[in-house]
Amino acid sequence: MPSDPKAIRSLLAQLHPYNAVASETLDDIAGSIEIVDVTTGDRIYEFGQPLAGLYVVADGQVEVFGERGETVSHLGPCNSFGERGLLIDGKAATTAEASTDGQLYLLPAPEFNRLLQVEPAFAKFFTRGRSDSQRKTELATARIEELMTRDVAGVPADTSIQHAAEVMREKDISSLAVVDGEMLTGIITVSDLT
């Protein structure tokens, strides 16, 4: 299996969400990947342990077990695992074991967390299955700086409502900053338009 950044990049470029990031970002991701060679029966991590990062199966098979030892998933090449724990508190929410000899790609936890913040496709892919209660719990303890959008879309105050609605639809967003030059003068939201 590939272990150089170009070969790693080539494999990741075929997988979502990596195929949705900018080329330079994909280069950075491939450069940050750590190779983990496993043999049959190796414990990759155990429930409750701090996670080193997100794993992607490059070759081989991995079995994932729940807290009580029940089989949760059988994973093969191109599957990823470990994201649940990384998204909750950085600790494994499952136990993972190599079912066969193989090779894993490890995206270190700091890089995973950085990508969640700066890459919308990456965040959408990995947060899609979280329950409302998980999101509410995390939201209650999150700081605004962790959630806010830094690349804000804006329009001047003299923009037509129709154009503002088109911009929101095109960008798949629910609000726009209203600006006068560089100065924020207000916010228009989808609910303002209905």
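The values are calculated or read from the model by the stated rules, or taken from the named source; none is laboratory data. These figures come from a predicted structure and were not determined experimentally. Ideal geometry is used to build each Cβ from the backbone, glycine not excepted, and the neighbour counts take in all protein chains shown. We work out accessible area using only protein heavy atoms, side chains counted, and drop any ligands, DNA or RNA first. Shrake-Rupley method; radii C 1.70, N 1.55, O 1.52, S 1.80 Å.
When the stretch 54-102 is limited to residues that are in a strand (DSSP E or B), open to solvent by 20 Å² or more (accessible area, probe 1.4 Å) and touching a residue at least 24 places away in the same chain (Cβ under 8 Å), the one that is nearest to Leu11 (Cα to Cα) turns out to be Asp59.
In the stretch 137-160, of all residues being modelled with pLDDT of 90 or more and not in a loop (DSSP other than H, G, I, E, B), the one that is farthest from Leu116 (Cα to Cα) corresponds to Pro156.
Gly48: assigned to a loop (DSSP other than H, G, I, E, B), at pLDDT 90 or above and open to solvent by less than 70 Å² (accessible area, probe 1.4 Å), yes or no? Against the criterion (assigned to a loop (DSSP other than H, G, I, E, B), at pLDDT 90 or above and open to solvent by less than 70 Å² (accessible area, probe 1.4 Å)), Gly48 qualifies. Among the residues of the stretch 8-41, those that are surrounded by fewer than 14 Cβ atoms within 10 Å (Cβ to Cβ), more than 12 Å from Ala58 (Cβ to Cβ), of a type in the set (S, T, N, Q) and at pLDDT below 95 comprise Asn19, Ser23.
Among the residues of the stretch 162-183, those identified as more than 30 Å from Arg84 (Cβ to Cβ), open to solvent by 100 Å² or more (accessible area, probe 1.4 Å) and either outside any strand (DSSP E or B) or modelled with pLDDT of 90 or more (or both) are Gln162, Arg169, Glu170, Glu182. Answer with yes or no whether Glu34 is touching a helix residue (DSSP H, G or I) at 6+ places or on another chain (Cβ under 9 Å) and in contact (Cβ under 8 Å) with a residue 40 or more places away in the chain. In short, no. Evaluate the following for Leu193: is it touching a Gly at 6+ places or on another chain (Cβ under 7 Å), open to solvent by less than 90 Å² (accessible area, probe 1.4 Å) and at pLDDT below 90? Taking the combined requirement at face value, the residue does not satisfy it. Checking each residue in the stretch 19-51 for being of a type in the set (Phe, Trp, Tyr) and farther than 15 Å from Pro108 by Cβ picks out only Phe47.
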